[in-house]
Amino acid sequence: LFAAACLVSLVSAAEHRATAAEPFKLTSPQYQDNSVLAAKNAGNNKASPNCVGDNISPPLAWSNPPTGTKSFALIMFDPEAGNGLGFVHFVIYGIPASVNGFAEGALSKPSDEFVGGKGGRGNQVYFGPCTPPGDYHHYTLTLIATDLDPKALPPGLTRDELFTDLKGHTKGAAGLILRFTHPQS
């Protein structure tokens with residue numbers, strides 16, 4: 001009888017896992033988690049020898065947002081930049097819940113599908129890596145599901161200002177880490 005009860009318990013647990021909702025997930029059709037970004041995704045700033053790319057944002061997709069999500073915010077942060085103090089590459093928010101991704105290059109220019117915040121260079125759109133020669137830097141993309149209307153927040157918020165305004169309004173988050181290093185000549 002005990003063995004039968006254990007078997008029923010195991011089958012029930014397996015069925016529960018099989019029917020449980022898939023997790024909120026951020027992916028890229030072009031890159032796996034921890035992949036190396038192409039040079040085209042690096043920043044483009046002729047004044048910096050470390051900005052060797054075309055500043056084309058990578059394609060992104062997400063699925064299974066938490067129940068009650070009305071909008072998303074998306075941030076890209078490099079924790080190794082600034083000698084460990086980090087650098088915010090871009091901050092966007094007010095992405096409607098009906099949006100489930102962006103095509104390659106879509107975050108490199110203003111759009112009606114998001115509100116531009118304020119990245120570390122004052123930019124309101126994607127600004128790619130400008131990694132110095134040497135070690136890889138990690139670029140953490142964090143997608144935050146919120147219960148806020150897409151038009152609730154004003155444009156131009158920094159990451160810290162956005163985080164303050166999102167307190168009490170987040171439903172969950174998903175992340176993707178990409179890497180980049182300065183191409184060898």
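The values are calculated or read from the model by the stated rules, or taken from the named source; none is laboratory data. Given the structure is predicted, the values throughout are model-derived calculations rather than measurements. All Cβ positions, even for glycine, are placed from backbone atoms using ideal geometry, and neighbour counts span all protein chains on display. Remember, those area values only see protein heavy atoms, side chains included, never the ligands or the DNA or RNA. Shrake-Rupley method; radii C 1.70, N 1.55, O 1.52, S 1.80 Å.
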**Asked** Rounded to the nearest 20 Debye, what is the dipole magnitude of the chain about its Cα centre when Lys and Arg each give +1 and Asp and Glu each give -1 at the C-beta?
**Response** 140
**Prompt:** By how many degrees, 0 to 90 and rounded to 10, does the Cα axis of helix 2-19 deviate from the longest principal axis of the chain?
**Reply:** 40
**All-pairs alpha carbon distance profile, the chain, 10 Å steps from 0, percent** = 9, 34, 30, 13, 7, 4, 1, 0
**Fill in**
In whole Hz, the Karplus estimates of ³J(HN,Hα) for the stretch 66-80 (6.51, -1.76, 1.60; θ = phi - 60°; x where Gly or Pro) are x, 4, x, 5, 10, 7, 10, 10, 9, 10, 10, 10, 10, x, 7
**Item:** Dipole moment magnitude, nearest 20 debye, the stretch 63-135 about Cα centre, only Lys, Arg, Asp, Glu C-beta charged
**Value:** 260
**Item:** the chain: relative contact order in percent, alpha carbon pairs under 8 Å with at least 6 residues between
**Value:** 26
**Request:** Tally up the carbon and sulfur contribution to the accessible surface of the chain as a whole percent, 1.4 Å probe, everything protein left in place.
**Result:** 55
**Å² per residue, accessible surface of the chain at 1.4 Å** = 53
**Request:** For residue 167 paired with residue 80, estimate the spin-label separation in nm (one decimal), with each label point 7 Å from Cα along the Cα-to-Cβ line.
**Result:** 3.3
**Prompt:** Listed highest first by mean packing, meaning other Cβ atoms within 10 Å per residue, what order do 109-116, 74-81 come in?
**Reply:** 74-81, 109-116
**Request:** Please identify which residues in the stretch 52-96 have an amide N closer than 19 Å to a label point set 7 Å out from the Cα of residue 25, following the Cα→Cβ vector.
**Result:** 59-67
**Charge dipole (the chain, unit charges on Cβ, about Cα centre) - positive-most of 183, 31, 47** = 47
**For the chain, built as a Gaussian network whose Cα springs stay under 10 Å, the top-fluctuating residue of 72, 24, 127** = 24
**Request:** Enumerate the calculated ³J(HN,Hα) couplings along the stretch 107-121 in order (Karplus 6.51 cos²θ - 1.76 cosθ + 1.60, θ = phi - 60°), each rounded to whole Hz, writing x wherever the residue is Gly or Pro.
**Result:** 8, 7, 9, x, 8, 6, 8, 7, 9, x, x, 9, x, x, 9
